[in-house]
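Below is one structure, written out as structure tokens; comments come after it.
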Amino acid sequence: GGEAWNKAFESAGFKNALQIRVQPDDAEWDAGDIRYNVLRWTSSPNPQFGGYGPHFENPRTGQTIGADIMLEYVFLTNRMRYSEIFSSAGLDLEELDDEPEGSCSMGQFLHRQTLFGMSALMAMGAGEEERDKLIEDAIYRLILHEIGHTLGLNHNMKASQLRSLEDVHNRELTQAEGITASVMDYPALNIAGLGKVQGEYYDTTPGPYDHWAIEYGYSEALDDPQAEAARLKAILNRSSEPALMFGNDADDMRRPGRGIDPRVMIGDLSSDSIGYAVERMQLINDLLPKLEARLTPKGESYQRLLDSYLILTAQYSGSARVVSRHIGGVYVDRSMAGQVGAEPPYQPVPASEQRRAMAALEEYVFSPRALSAGASLYSRLQPQRRGFDFGDRTEDPKIHARTLTIQQGILEFLLDTKTLTRISDSRLYGNQYELTEVLGDLTNAVFAADVGSDINSHRQNLQIDYVKRLVGVSGAGGSSEHDFLSQSAALAQLREIRAMFGKKKHVNNETRAHTNHLLFLIGKALAID
């Protein structure tokens, strides 16, 4: 995996620039010696990473002085950390959102993607050879990424857009040129849906952006300063080429309120990231009912089933987030004025793509059927008991909380003050999916299917949460941080919901209680008796 970087160094004019050897048992040098850069395997009782690439530079020149890579054994054992295994909350859906600025959680992120892949392959009945291939590709990807940091490369969260939805599984193409434009991205695991041909699971070679960055940073300089400046400028002028796309941690949209370009995102893949995310959610819906038969052999606890349920639903949440970022999104181009191949600096995401994203969220996140594929597993999601680990949380599966947490993650982004303000601002330079239409579509996604029928408990939670958020946006319940246009649009939706449910009849007692709760919240906010 590390020696694959030599392909990029050949672009810079060097052969065999990077050599890796196994330290012999009788070595006369120490791995802590600054004169040696090492890949060091560790096995920790509470590992904080799967891989980590610390390095340090000469502050006067920027030249890298020393670089070591730590590789944690937990990455290979395909296990979750103890605290994750025995926590009734399971995998924290928000954990990567808290990554400190400028840090790298690739090892942890990749570990979770691989855990998902292993659960998926087992649910599909894949053999040991195929599961070993997944682990092998993952090791290549981890080492390529961490060595990239030691070579001075930044994260590039836009690189996952390189291939089409069809080409991501073109093994001949991706083995030669990569699945993504850079191994410095945080892409989704490239696992094929049921009945489709599987390509590479992860990049096993540096991508086009990596070749370009190494050429700029490491190719031999010319003696003539003016000629050298012209040479470097010529390399930089290629930045507008689609395969050299770039957006780092400062641009990505993993957190609500940060970033504006949906192409700069973690956990996505292909130039059609909406389509890829929808395929991922469909795959998870197909696999959840198969988990019990594959993962609960006689004589064992249900812990592996619980692990896989949590892993798959966390992946589902990540895919939904990828889809959501297109709504109110703006494509960013940082090319210089007049540069060949440059696009306008800001272009709103086409309205057709925004509406497509909203339709996908309605079907896979908000509809009465959404997030119910694992219903047959609920009574079996039992953690294996080790002493007294449950504490005050109790051990019963918190199904409603899991579902609502996924839905809240999407609502938090869609109703964020920056998202709603950007929807209105971008109308002035081309956005054709205007604010009242966005919120109208969102309200229909949350409510329309229930107007003439009983409402299931998951939708009741969702609807109460949505109404409370609308009240907060509108300022009807007090002050609001949102702009006036957003407040007006939110008030209109509250009145629309009241009209939808004001005359709801012939429903069960649970739905009647829920309807009265909704009308109470709206009436209180709007000061209506």
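Points to keep in mind about this one:
- Gyration tensor (alpha-carbon) shape descriptor, the stretch 291-349, a/c threshold 1.5: prolate
- Under the combined filter of DSSP loop state and at most 16 neighbouring Cβ atoms within 10 Å, the stretch 215-299 retains these GluC sites (Glu not before Pro): 220.
- P(r) of the stretch 276-315 over all Cα-Cα pairs, binned every 10 Å from zero, in whole percent: 30, 49, 18, 3
- Of the trypsin sites (Lys or Arg not before Pro) in the stretch 491-528, those whose Cβ has at most 11 other Cβ within 10 Å and which sit in DSSP loop: 503, 505
- Computed 3J(HN,Hα) for the stretch 176-185, one whole-Hz value per residue from the Karplus formula 6.51 cos²θ - 1.76 cosθ + 1.60 where θ = phi - 60°, is 7, 10, x, 6, 10, 6, 7, 6, 8, 7, glycine and proline marked x.
- The C-alpha radius of gyration of the stretch 117-208, expressed as a fraction of 2.2 N^0.38 Å, stands at 1.07.
- Dipole magnitude for the stretch 414-525: computed about the Cα centre from +1 point charges on Lys and Arg Cβ and -1 point charges on Asp and Glu Cβ, it is near 420 debye.
- For GluC sites (Glu not before Pro), the sites in the stretch 152-201 that DSSP calls loop and that have at most 16 other Cβ atoms within 10 Å are 166.
- Kirkwood radius, the stretch 352-469, all distinct C-alpha pairs, inverse of mean reciprocal distance: 16.4 Å.
- Each peptide in 24-33, 472-481 receives the mean, over its residues, of other Cβ atoms within 10 Å, and ordering these scores from highest gives 472-481, 24-33.
- Backbone HN-Hα couplings from phi across the stretch 21-35 [Karplus 6.51/-1.76/1.60, Hz, Gly and Pro as x]: 10, 7, 5, x, 4, 9, 4, 9, 10, 10, 5, x, 5, 4, 6
- Shown in residue order for the stretch 366-383 are the 3J(HN,Hα) couplings computed by the Karplus curve 6.51 cos²θ - 1.76 cosθ + 1.60 at θ = phi - 60°: 10, 5, x, 8, 4, 6, 10, 5, x, 4, 5, 9, 3, 6, 10, 7, 10, x Hz (x for Gly and Pro).
- Lysines with Cα under 20 Å of residue 15, excluding same-chain neighbours fewer than 8 positions away: 7
- FRET efficiency, residue 235 to residue 398 (Cβ-Cβ, R0 51 Å, nearest 0.05): 0.45
- Normalised per residue, the volume of the convex hull around the Cα set of the stretch 404-523 (Å³): 95 Å³
- P(r) weight above 19 Å for the stretch 367-423, C-alpha pairs, percent: 52 percent
- Normalised by 2.2 N^0.38 Å, where N is the number of residues, the alpha-carbon radius of gyration of the stretch 235-360 equals 1.38.
- Distant-in-sequence amide H partners of residue 51 (H built 1.01 Å from N, under 5 Å): 72, 107, 108
- Only Cα pairs under 8 Å and 6+ residues apart enter the sum, and on that basis the relative contact order of the chain stands at 12 percent.
- For the chain, the Kirkwood hydrodynamic radius from C-alpha pairs, put into Stokes-Einstein at 25 °C and a viscosity of 0.890 mPa s, yields a diffusion coefficient of 97 µm² per second.
- Listed residues 325, 385 arranged by accessible area, highest first, probe 1.4 Å: 385, 325
- Here the chain carries DSSP beta bridges of which approximately 65% are antiparallel, counting only pairs with both residues inside.
- Net dipole in debye of the stretch 223-305 [+1 Lys, Arg Cβ; -1 Asp, Glu Cβ; about Cα centre; nearest 20]: 460 debye
- Given charges at beta-carbon only (K, R positive; D, E negative), |dipole| of the chain in Debye: 2160 debye
- Taking the 1.4 Å solvent-accessible surface of the chain as the whole, the part contributed by carbon and sulfur is 50%.
- Under-5 Å amide H pairs with residue 69, H placed in peptide plane, nonlocal only: 38, 39, 40
- For the listed peptides 104-116, 401-413, a ranking on the average number of other beta carbons within 10 Å per residue, highest first, reads 104-116, 401-413.
- Nonlocal amide H pairs with residue 331, under 5 Å, H built at 1.01 Å: 347, 349
The values are calculated or read from the model by the stated rules, or taken from the named source; none is laboratory data. Bear in mind the structure is a predicted one, so any value in this text is a computation, not a measurement. No Cβ is skipped: glycine too gets one built from the backbone with ideal geometry, and neighbour counts run over all protein chains shown. Heads up: the accessible areas ignore ligands, DNA and RNA and are worked out on the full protein's heavy atoms, side chains in. Shrake-Rupley method; radii C 1.70, N 1.55, O 1.52, S 1.80 Å.
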